[in-house]
Amino acid sequence: MNQPATTSFTPTIETYAKKYPEVPMEVILKEDLLRLGIGITMDAIKAVKNFRQQAYYLFSYNISEHTELDGDTSSSAPEDIIFRDGPYGLRRTWVRIVLNKESPYQIELIDGKTMVCQDGVPIAEAVYPEKPDYYGKEFEDGTRYEQVIPLLYDSYAFITTFRACHYWGDKEECKFCDINYNLRELKKLTGDHVTADAIKNKDRLVEVLDVMNQEPDPNKRMLTIIMTGGSIVRSIKGGPDNAADFNIPYVEAIRERLGRRVPIVMITESQPMDRLTRLRDAGITSHNANLEVFNERLFKWIAPGKDHYIGYDTWVRRLIESVDIMGEGRVSPNMVSGVEMAKPYGFDNVKDAVASAKEGFEYLMSHGVIPHLDTWCIEPGTRLADNPTVPLDFLLQADIAWYETWRKYKLPPFEGYGPMGSPGIAVYGNTASVDMGG
């Protein structure tokens, strides 16, 4: 296990394992794949049958534009993969596929196996996720069930109830986010991706969840329901003008049909405590109001809509108050790991950027809030598209700081994202912080 590659080229996983001996090699490779993306050859796509393909359920999560990718790669590539084994004996590790035609990483077909390679050197086997039974089922109009709700990492039913975002334009949109851009681009694509309807049909949603809940294969069992959408600040089609009132009917319908066994993670903009209480009583088990970045100065620049409509101080205060309503492990705002170094106003060195992230981990976790990291994917349809790639050193040091702080306060895993704690155990593929430990 963990033996060096027999080649004159030394892969990043190997050089960084010497630099960070306390970090699992799986964490190093996962963060490098998330920050640099990966390409995939058509031979590697065609070699595997019946796997889950790119769903584009919220953001593009790609570094390359759809038109920059060969053929129909943007639609036919796998949504996520497990990498494992290879010359380093890596443990099975889930990772989101971030498509980048120019990445040094490629999935190639070598001796009949799909392999993650760096500059042509095999690093690990790439295992594509098989389609669950409900994929391919259709409604009367031909809409496939997976186009309503895709399955992620063989575990998450991901529902985008409101596909657009009311934070609009340069003065309001989060600068790293391509939710509105991706919705426009989605209408141009073919494939198994989710439908581009702005508002999810409640009856169809519940029907698909009911079928997903009957999946016979325990390896593809729905562990959680994740519900999210763009921010809501005004009435939608003459109806609700806030995320709580908009989403509560969905939650109530799900609970009426499925009961309370499966957790529901609700991701919205920050909510007043009375609305959060109503969401909890309707049936959500976790609420994540994504803070994105802890530094107040950067928050105001990177998330101007959130700052304008709610404000930094109110957002942070509500996160802490939410723990008394939801409980520890059930308040887990997303932090975009690496956006601390966004140009031109972010930190210009890894040390200061990590210190800022660590300050946030310390403050939030000391109050029972467990931020979860998502490695920053620099998508072409965002206002930060011309930024350089986040340094791998930052991502690894942030993962170390996150894990050490989480252990320090003896906190539970953030609920609804599956197990975590070491490679081979964790499910969440958007960050390697969950793979620390072991």
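The values are calculated or read from the model by the stated rules, or taken from the named source; none is laboratory data. As the structure is a prediction and not an experimental result, all values here were calculated from the model. Glycine gets a Cβ as well: all are built from the backbone with ideal geometry, and neighbour counts include every protein chain shown.
Quick grid of which residues meet (1) of a type in the set (Lys, Arg); (2) in a loop (DSSP other than H, G, I, E, B); (3) within 22 Å of residue 416 (Cα to Cα):
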| residue | (1), (2), (3) |
| --- | --- |
| 330 | yes, yes, yes |
| 336 | no, no, yes |
| 347 | no, yes, no |
| 352 | no, no, no |
| 359 | no, no, no |
| 363 | no, no, no |
| 368 | no, yes, yes |
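Taking the listed residues 394, 414, the one that is in a helix (DSSP H, G or I) and either in contact with a strand residue (DSSP E or B) (Cβ under 9 Å, 6 or more places away or on another chain) or within 30 Å of residue 182 (Cα to Cα) (or both) is 394, with no other qualifying. Residue check: residue 437 meets all listed conditions (1) under 17 Å from the mean Cα position of the chain (by Cα); (2) at positive phi but one, namely (1). Candidates are the residues of segment 202-250 that are of a type in the set (Ser, Thr, Tyr) and crowded, with 17+ Cβ neighbours inside 10 Å; the one that is nearest to residue 330 (Cα to Cα) is 224. All of (1) assigned to a loop (DSSP other than H, G, I, E, B); (2) modelled with pLDDT of 95 or more; (3) closer than 30 Å to residue 219 by Cα; (4) not polar (S, T, N, Q) hold for residue 419 with one exception: (2).
Out of segment 129-159, which residues are out of contact with any helix residue (DSSP H, G or I) (no Cβ under 9 Å at 6 or more places or on another chain) and either of a type in the set (D, E, K, R) or not in a helix (DSSP H, G or I) (or both)? If the condition is that a residue be out of contact with any helix residue (DSSP H, G or I) (no Cβ under 9 Å at 6 or more places or on another chain) and either of a type in the set (D, E, K, R) or not in a helix (DSSP H, G or I) (or both), then 140, 141, 142, 144, 150, 152, 153, 156, 158 are the ones that fit. Could you list all residues from segment 47-70 that are out of contact with any Asp or Glu (no Cβ under 8 Å at 6 or more places or on another chain), surrounded by fewer than 19 Cβ atoms within 10 Å (Cβ to Cβ) and within 30 Å of residue 111 (Cβ to Cβ)? Passing the criteria: 47, 48, 49, 68, 70.
With the condition kept exactly as written, say whether any residue in segment 317-324 is farther than 25 Å from residue 37 by Cβ and touching a strand residue (DSSP E or B) at 6+ places or on another chain (Cβ under 9 Å). Within segment 317-324 (the criterion being farther than 25 Å from residue 37 by Cβ and touching a strand residue (DSSP E or B) at 6+ places or on another chain (Cβ under 9 Å)), the answer is yes, since at least one residue qualifies.
Pairing each residue of segment 390-417 that is over 20 Å from residue 94 (Cα atoms) with any residue that is polar (S, T, N, Q) and surrounded by fewer than 23 Cβ atoms within 10 Å (Cβ to Cβ), provided the two are 6+ apart or on different chains, yields C-beta distances under 8 Å for 409/366.
Residue pairs whose Cβ atoms lie under 7 Å apart, separated by 6 or more positions or on different chains, with the first residue in segment 345-359 and more than 18 Å from residue 176 (Cβ to Cβ) and touching a residue at least 40 places away in the same chain (Cβ under 8 Å) and the second of a type in the set (A, V, I, L, M, F, W, C) and crowded, with 19+ Cβ neighbours inside 10 Å, are 350/394; 354/394; 354/398; 354/401; 358/401; 359/294.
Could you say whether any residue in segment 18-31 is buried (at least 23 other Cβ atoms within 10 Å of the Cβ), in contact with a helix residue (DSSP H, G or I) (Cβ under 9 Å, 6 or more places away or on another chain) and acidic (Asp, Glu)? Scanning segment 18-31 turns up at least one residue that is buried (at least 23 other Cβ atoms within 10 Å of the Cβ), in contact with a helix residue (DSSP H, G or I) (Cβ under 9 Å, 6 or more places away or on another chain) and acidic (Asp, Glu). Based on this model, can you work out whether residue 110 counts as surrounded by fewer than 18 Cβ atoms within 10 Å (Cβ to Cβ), aliphatic (A, V, I, L, M) and farther than 28 Å from residue 416 by Cα? The answer is yes for residue 110.
At pLDDT 95 or above and over 14 Å from residue 326 (Cβ atoms): does that describe residue 253? Step through it out loud before you land on a result.
Working: at pLDDT 95 or above: yes; over 14 Å from residue 326 (Cβ atoms): yes.
Answer is yes for this residue.
When you go through 339, 323 one by one, which is the residue that is hydrophobic (A, V, I, L, M, F, W, C), in contact (Cβ under 8 Å) with a residue 60 or more places away in the chain and either touching a Lys or Arg at 6+ places or on another chain (Cβ under 9 Å) or surrounded by fewer than 21 Cβ atoms within 10 Å (Cβ to Cβ) (or both)? Just one listed residue meets the conditions, 339.
Residue pairs whose Cβ atoms lie under 9 Å apart, sitting 6 or more positions apart in sequence or on different chains, and linking a residue in segment 26-52 that is at positive phi to a partner that is outside any loop (DSSP other than H, G, I, E, B), are 37/99; 37/105; 50/130. Annotation note: Cβ proximity below 8 Å between a residue of segment 72-84 that is farther than 18 Å from residue 59 by Cβ and among the basic types (Lys, Arg) and a residue that is in a strand (DSSP E or B) and modelled with pLDDT of 85 or more (sequence gap 6+ or interchain) occurs for 84/90; 84/91; 84/92; 84/93; 84/124; 84/125; 84/127. Of note, residue 292 satisfies the criterion of being of a type in the set (Asp, Glu), touching a helix residue (DSSP H, G or I) at 6+ places or on another chain (Cβ under 9 Å) and at positive phi. Is one or more of the residues making up segment 109-128 assigned to a loop (DSSP other than H, G, I, E, B), among the aromatic types (Phe, Trp, Tyr) and modelled with pLDDT of 95 or more? For segment 109-128, residues assigned to a loop (DSSP other than H, G, I, E, B), among the aromatic types (Phe, Trp, Tyr) and modelled with pLDDT of 95 or more: present. Selection over segment 281-312 of residues that are farther than 27 Å from residue 378 by Cα, of a type outside the set (Val, Ile, Thr) and without any contact (Cβ under 8 Å) to a residue 60 or more places away in the chain gives a count of 3. The set of residues in segment 40-72 being over 16 Å from the mean Cα position of the chain (by Cα), more than 24 Å from residue 112 (Cβ to Cβ) and of a type outside the set (Val, Ile, Thr) consists of 64, 65, 66, 68, 69.
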